[in-house]
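Trainee: Below is a structure I'd like to ask you about.
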Amino acid sequence: MHSRPILVLAVLALMSGLTDAADKPVHIFILSGQSNMAGMNPKAGFEQEAAKLFPDADVPYIKVAQGGRPIRLWVEQWNEIAKKHGLKSTSDGTVYYEPILKQFQAIIEKHPQPTSVTFCWMQGERDAREKLSAAYEEALATLIANLRRDLKQPEMNFVIGRLSDFGTDAEWEAVRNAQVSLARKDPRGAWVDCDDLNDKEKAGKLRNDLHYTKPGYELLGRRYVRQAKALIAGRKPAENGRPE
């Protein structure tokens with residue numbers, strides 16, 4: 001005699017659960033860049049910080065990263081940008097851009113109305129070494145504009161990992177400055193300081209390495225999430241790139 005009421009309650013409970021899932025905020029992250037992004041394990045640092053700062057939300061992410069790659073492999077307009085800045089450099093095709101679009105679309109099929117989208121970038125070492133710094137800020141700004149257009153996310157936030165203090169020449173410093181400059185110009189931009197993430201000891205001496213330490217990669221992931229959280233909440237991100 002009681003089977004029908006129990007069945008009704010079960011159905012109502014299921015419907016309630018589906019409603020809650022549908023109403024849950026979704027914050028999508030796109031992680032991309034070269035070796036120091038490739039070396040960052042999102043499960044160590046990034047995921048923990050995301051769970052802490054977005055406790056009642058889903059935080060899906062994609063990662064497209066490969067060591068030693070220049071920004072031109074993400075930017076379709078690279079040739080014209082390089083020419084404008086008097087540089088001789090030919091694009092080899094945007095082999096790391098299309099995977100971002102494809103993987104993002106897979107997330108959007110599950111979460112068609114995300115609460116926010118944040119692009120996290122860690123790249124620039126190769127461009128500094130190839131002496132292409134003059135075109136770097138415009139190339140990165142173009143990449144962000146392209147993503148906002150092609151992902152149909154005009155309000156997309158971005159957080160740039162600034163090159164560490166490994167390099168000391170003018171090209172390296174120019175890329176660092178370009179990264180911070182772009183982040184400060186855009187109300188939806190922020191940057192992350194990496195100068196304390198690459199400190200390694202060799203023969204009893206501290207040195208700045210090109211790649212980060214294991215704790216450094218963990219802190220990098222946490223800083224990305226912290227700066228993104230500030231942007232999403234409408235707060236000013238940490239000016240020094242080291243959000244607490």
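The values are calculated or read from the model by the stated rules, or taken from the named source; none is laboratory data. From a predicted model like this one, the values you see are computed outputs, not experimental measurements. Quick reminder, even Gly has a Cβ in these numbers, built from the backbone with ideal geometry, and neighbours come from all protein chains shown.
Trainee: Can you work out which of the residues in segment 99-128 that are in a loop (DSSP other than H, G, I, E, B) and crowded, with 23+ Cβ neighbours inside 10 Å is farthest from the chain's Cα centre (by Cα)?
Mentor: Among residues in segment 99-128 that are in a loop (DSSP other than H, G, I, E, B) and crowded, with 23+ Cβ neighbours inside 10 Å, the one farthest from the chain's Cα centre (by Cα) is 124.
Trainee: Picking from 98, 109, 125, 130, which residue would you name as being under 13 Å from residue 60 (Cβ atoms) and modelled with pLDDT of 95 or more?
Mentor: Only one candidate passes the filter, namely 109.
Trainee: With the requirement that a residue be part of a helix (DSSP H, G or I), farther than 11 Å from residue 66 by Cβ, in contact with a strand residue (DSSP E or B) (Cβ under 9 Å, 6 or more places away or on another chain) and of a type in the set (A, V, I, L, M, F, W, C), what does segment 29-52 give you?
Mentor: Once the filter is applied, which keeps residues that are part of a helix (DSSP H, G or I), farther than 11 Å from residue 66 by Cβ, in contact with a strand residue (DSSP E or B) (Cβ under 9 Å, 6 or more places away or on another chain) and of a type in the set (A, V, I, L, M, F, W, C), segment 29-52 yields 46, 50.
Trainee: If you go through segment 68-98, how many residues are surrounded by 15 or more Cβ atoms within 10 Å (Cβ to Cβ), free of Cβ contacts under 8 Å to residues at least 40 places away in the same chain and either aromatic (Phe, Trp, Tyr) or closer than 23 Å to residue 40 by Cα (or both)?
Mentor: 2
Trainee: For residue 162, state whether it is within 15 Å of residue 241 (Cα to Cα), in contact with an Asp or Glu (Cβ under 7 Å, 6 or more places away or on another chain), surrounded by 19 or more Cβ atoms within 10 Å (Cβ to Cβ) and of a type in the set (Lys, Arg).
Mentor: Working: within 15 Å of residue 241 (Cα to Cα): yes; in contact with an Asp or Glu (Cβ under 7 Å, 6 or more places away or on another chain): yes; surrounded by 19 or more Cβ atoms within 10 Å (Cβ to Cβ): yes; of a type in the set (Lys, Arg): yes.
Spelling it out, residue 162 is indeed within 15 Å of residue 241 (Cα to Cα), in contact with an Asp or Glu (Cβ under 7 Å, 6 or more places away or on another chain), surrounded by 19 or more Cβ atoms within 10 Å (Cβ to Cβ) and of a type in the set (Lys, Arg).
Trainee: Being within 24 Å of residue 187 (Cβ to Cβ) and in a helix (DSSP H, G or I): is that true of residue 137 here?
Mentor: yes
Trainee: Right, residue 126: touching a Ser or Thr at 6+ places or on another chain (Cβ under 6 Å) and under 22 Å from residue 191 (Cα atoms) or not?
Mentor: no
Trainee: Conditions first: (1) within 19 Å of residue 230 (Cα to Cα); (2) surrounded by fewer than 22 Cβ atoms within 10 Å (Cβ to Cβ). Residue 172 passes all but one, so which condition is the exception?
Mentor: Residue 172 satisfies all of (1) within 19 Å of residue 230 (Cα to Cα); (2) surrounded by fewer than 22 Cβ atoms within 10 Å (Cβ to Cβ) except (1).
Trainee: Could you list, in sequence order, all residues of segment 53-65 that are out of contact with any helix residue (DSSP H, G or I) (no Cβ under 6 Å at 6 or more places or on another chain) and part of a loop (DSSP other than H, G, I, E, B)?
Mentor: Those that are out of contact with any helix residue (DSSP H, G or I) (no Cβ under 6 Å at 6 or more places or on another chain) and part of a loop (DSSP other than H, G, I, E, B): 54, 55, 56, 57.
Trainee: Can you tell me which residue is nearest to residue 160 (Cα to Cα) among those in segment 190-244 that are free of Cβ contacts under 8 Å to residues at least 40 places away in the same chain and in a strand (DSSP E or B)?
Mentor: Restricting to residues being free of Cβ contacts under 8 Å to residues at least 40 places away in the same chain and in a strand (DSSP E or B), the top hit is 199.
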